[in-house]
Amino acid sequence: MIRNNDIKKILLVTGGTGGHIYPALSIYKYLENKSYKVKILTDKRGLKNENLVRHNPYVINVKGFAGKKNSEKAIASLLVLFSTIKAVLLLRKEKFTLVLSFGSYVQVPVLLAAKILKISYILHEANAVIGKANKMFWRFAKVRTSFYKLKVSDFKTKQIGMPVRSEIEGLYKHNYIVPKKNKKIKILIMGGSLGSEALSYNFSTKLCKLPCHLKKRLSIIHQVKSYQLKEVVSIYDNNNIKAKVKTFINDIDKTLKTTSLIICRAGASTIAENLIAGIPAIYIPINASSNEHQYFNALKISRQKLGWLFKETEIGSEKFIKFLNNLLNSESILKSYSINCKKAAFPCASKSLYEIVAGFND
């Protein structure tokens, strides 16, 4: 039990996409339940996430440098300068004693401020390759944690997995349901928190190329872009494929309980949740991801036989349709990959990260 005079005030720093937000929210809840005082800081993108907004996060205005023109980089540099000053004032005023950051360019001014004020910080790397923002501060961190076993590893880097929502953690004990011959095959198709053109309308047209006997067995839940919802519904209807088409999937834990196969992007949070749930997945990395981190995430998963990697350019090919046909007709492959997923999962990442934070009281 933590004594009141030992309680630390912790600032969680997260980027504005789901892959950063959900791990931050997971450890926020865990730390709060342990009587820690916790606040969250994000960028403007984070305000689009209702779950994050409920916690009244601090917001700073920063922009990334990758792929930008020189004029845009100059503006981004000025924003970092102004935001660093703002972060110094915030950290000093609120008397934060520890910063826990999940990557993204939003952390740059905050960690610069932490260094100026000599406040310790913990970094978490979600991806198979260290992101640029983390790389800048990696060697200065008090402790470094990661989802994957990184190439750049040392005694300060602890592989703990990815913090996930408690309802997802609960799926670790749930048994995978193998789709039996002639029974329904439940497929979940997701495009990530920002949506995906390749996994929206375009992908629904590819599924229609499957053999008729297999299409009759499909039961699909498909997350699509809002402006393509009607078109995707029409495609499935015209091909006699049973499907629920949505712009957002609520109660994802309930959906995962009955899912046979997931087709999705290769963000770290998505992968972590799939592994814990023990569901085989086809990963289609986003082309424009920084440092190609989604590609390397999926590559590592593929090599460990936890899922399959296909590029966007491949999903319309005859090779992909043939692969999907063979996979959906193979109970043994799906089952073996599900077993592999559970073995590779980290269902207690939030607890592990909490124990590291608690260690600062020793």
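General observations
- Verdict on ASN274 being polar (S, T, N, Q), modelled with pLDDT of 95 or more and either over 23 Å from the mean Cα position of the chain (by Cα) or assigned to a helix (DSSP H, G or I) (or both): yes
- Remark: ALA133 matches the filter, which requires a residue to be part of a helix (DSSP H, G or I), open to solvent by less than 30 Å² (accessible area, probe 1.4 Å), within 23 Å of LYS63 (Cα to Cα) and in contact with a Phe, Trp or Tyr (Cβ under 9 Å, 6 or more places away or on another chain).
- Test result for LYS180, in contact with a strand residue (DSSP E or B) (Cβ under 6 Å, 6 or more places away or on another chain), in a loop (DSSP other than H, G, I, E, B) and open to solvent by 30 Å² or more (accessible area, probe 1.4 Å): no
- Among the candidates PHE360, PHE323, residue that is touching a residue at least 40 places away in the same chain (Cβ under 8 Å), of a type outside the set (D, E, K, R) and either open to solvent by 40 Å² or more (accessible area, probe 1.4 Å) or assigned to a helix (DSSP H, G or I) (or both): PHE360
- Test: residue in segment 66-79 that is part of a helix (DSSP H, G or I), open to solvent by 20 Å² or more (accessible area, probe 1.4 Å), among the acidic types (Asp, Glu) and touching a residue at least 12 places away in the same chain (Cβ under 8 Å): no
- Qualifying residue in segment 279-301 (condition: crowded, with 23+ Cβ neighbours inside 10 Å, among the polar types (S, T, N, Q) and assigned to a helix (DSSP H, G or I)): yes
- Single unsatisfied condition, THR313 versus (1) assigned to a helix (DSSP H, G or I); (2) open to solvent by 20 Å² or more (accessible area, probe 1.4 Å); (3) under 22 Å from LEU150 (Cα atoms): (3)
- Only one of the numbered conditions (1) in a loop (DSSP other than H, G, I, E, B); (2) among the β-branched types (Val, Ile, Thr); (3) closer than 20 Å to ILE321 by Cβ is violated by ILE249, and that is (3).
The values are calculated or read from the model by the stated rules, or taken from the named source; none is laboratory data. Because the structure is predicted, anything quoted here is derived from the model rather than measured. Don't worry about glycine lacking a Cβ; one is built from the backbone with ideal geometry, like all the others, and counts go over all protein chains shown. What goes into the accessible areas is simple: the full protein's heavy atoms, side chains included, and nothing from ligands, DNA or RNA. Shrake-Rupley method; radii C 1.70, N 1.55, O 1.52, S 1.80 Å.
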